[in-house]
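J.: First the structure, then my questions, so here it is.
The values are calculated or read from the model by the stated rules, or taken from the named source; none is laboratory data. Quick caveat: nothing in here was measured; it's all calculated off a predicted structure. A quick note on method: Cβ atoms are made from the backbone with ideal geometry, for glycine too, and the neighbour counts reach across all protein chains shown. To get the accessible areas, we keep the full protein, side chains included, count just its heavy atoms, and leave off ligands, DNA and RNA. Shrake-Rupley method; radii C 1.70, N 1.55, O 1.52, S 1.80 Å.
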Amino acid sequence: MVNEQDLRVKRTRSHIRAAFLDLIKENGYEGITIQQIADYAFINRATFYLHYKDKDELLETLSEDVFTRLSNAIKPCKYIEQKKVRVAAFQSTITAIFLEIERNKKFYKVMLSENGVKGFRDSLQKIIREKFENEFNSYGFNKDQSSVSTGLLTVFISSALVGTIKWWLEENDSKSAEGISKECVKICISGPIKAAGFQIIEK
């Protein structure tokens, strides 16, 4: 059973993280001070330091938490069988990505904005790319039978997805996670996946 102290800790950290994201959005990461974070979160500096050593540790902790949830949400589903791709299973992987982005919309929207932290976009793409590489390498992608390498294929798909995520969050978030993922799958199936020589299985 969660005690009152644990609830206070969670509540304080939630306020700190919310203030941190608001300040990044307004001023950019480099311009933020601990005092600004404390003021925004309605705490004093000493309380901040009870939870985080500095703003770098706050950023690292927040990013690790969100990236861990994203990585765990993208579960292997064996959508590749030899030189065939099952659209329904591939769809579930793409949808899982967008649903997790949606659950942490404020974080991703701020971090992918103009004032977002440098290198965040590359880190996000790396996580998505590694998931695709594991799936492609584990379930039947044979580079000797394809004119497209695994590396190029996964870089192309993950880069396109991150660009689409940014666009979706900034300009078109009225589309549901399921809706935008279906459109992405159509593009991937018709483009890079077909170019790699896979046979498409609709079910």
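J.: Considering only segment 51-69, how many residues are in contact (Cβ under 8 Å) with a residue 24 or more places away in the chain and not hydroxyl-bearing (Ser, Thr, Tyr)?
T.: Within segment 51-69, residues that are in contact (Cβ under 8 Å) with a residue 24 or more places away in the chain and not hydroxyl-bearing (Ser, Thr, Tyr) number 8.
J.: Additional query: Filter segment 172-194 down to the residues that are assigned to a loop (DSSP other than H, G, I, E, B), at pLDDT below 90 and not basic (Lys, Arg) and list them by number. Spell out the reasoning first.
T.: Kept after step one, since they are assigned to a loop (DSSP other than H, G, I, E, B), are these residues of segment 172-194: 172-176.
In the following step, the residues that additionally are at pLDDT below 90 were identified as 172-175.
Scanning segment 172-194 gives ASN172, ASP173, SER174.
J.: Right, here's the next one. Residues that are touching a Gly at 6+ places or on another chain (Cβ under 7 Å), open to solvent by less than 70 Å² (accessible area, probe 1.4 Å) and at pLDDT below 95: does segment 74-89 have at least one?
T.: yes
J.: Report, by residue number, each residue of segment 174-194 that is in contact (Cβ under 8 Å) with a residue 12 or more places away in the chain and open to solvent by 60 Å² or more (accessible area, probe 1.4 Å).
T.: So the first thing to find is which residues in segment 174-194 are in contact (Cβ under 8 Å) with a residue 12 or more places away in the chain, and the list is 177-178, 180-182, 184-185, 187-189, 192-193.
Residues satisfying the conditions are GLU178, LYS182, ILE187.
J.: A follow-up question, please. Restrict the check to segment 91-101 and report whether at least one residue is open to solvent by 20 Å² or more (accessible area, probe 1.4 Å), at negative phi and of a type in the set (Asp, Glu).
T.: Checking segment 91-101: not a single residue is open to solvent by 20 Å² or more (accessible area, probe 1.4 Å), at negative phi and of a type in the set (Asp, Glu).
J.: Regarding LYS53, is this residue modelled with pLDDT of 95 or more and either open to solvent by 70 Å² or more (accessible area, probe 1.4 Å) or under 20 Å from GLU114 (Cα atoms) (or both)?
T.: Against the criterion (modelled with pLDDT of 95 or more and either open to solvent by 70 Å² or more (accessible area, probe 1.4 Å) or under 20 Å from GLU114 (Cα atoms) (or both)), LYS53 qualifies.
J.: Let me ask another. With in contact with a Leu (Cβ under 8 Å, 6 or more places away or on another chain) and of a type in the set (Phe, Trp, Tyr) as the only criterion, which of TYR49, TYR108 stands out? Break it down stepwise before answering.
T.: Values: TYR49 fails: in contact with a Leu (Cβ under 8 Å, 6 or more places away or on another chain).
One residue alone meets the criteria, TYR108.
J.: Of all residues being β-branched (Val, Ile, Thr) and either assigned to a loop (DSSP other than H, G, I, E, B) or open to solvent by 90 Å² or more (accessible area, probe 1.4 Å) (or both) in segment 25-44, which is nearest to SER14 (Cα to Cα)? Just the residue, please. Reasoning before the result, please.
T.: Start the filter on segment 25-44 by keeping residues that are β-branched (Val, Ile, Thr), which leaves 32-34, 37, 43.
Remaining after also requiring either assigned to a loop (DSSP other than H, G, I, E, B) or open to solvent by 90 Å² or more (accessible area, probe 1.4 Å) (or both): 32-33, 43.
Numbers: ILE32: 18, THR33: 18, ILE43: 12 Å.
Of everything passing the filter in segment 25-44, ILE43 is nearest to SER14 (Cα to Cα).
J.: For the condition in a helix (DSSP H, G or I), among the aliphatic types (A, V, I, L, M), farther than 17 Å from LEU62 by Cα and more than 14 Å from the chain's Cα centre (by Cα), what is the one hit in ALA96, ALA89?
T.: Numbers: ALA96 fails: more than 14 Å from the chain's Cα centre (by Cα).
After ruling out the rest, the residue left standing is ALA89.
J.: So, VAL162, is that one in a helix (DSSP H, G or I), β-branched (Val, Ile, Thr) and modelled with pLDDT of 95 or more or not?
T.: Values: in a helix (DSSP H, G or I): yes; β-branched (Val, Ile, Thr): yes; modelled with pLDDT of 95 or more: yes.
Considered against the rule, which asks whether it is in a helix (DSSP H, G or I), β-branched (Val, Ile, Thr) and modelled with pLDDT of 95 or more, VAL162 comes out as yes.
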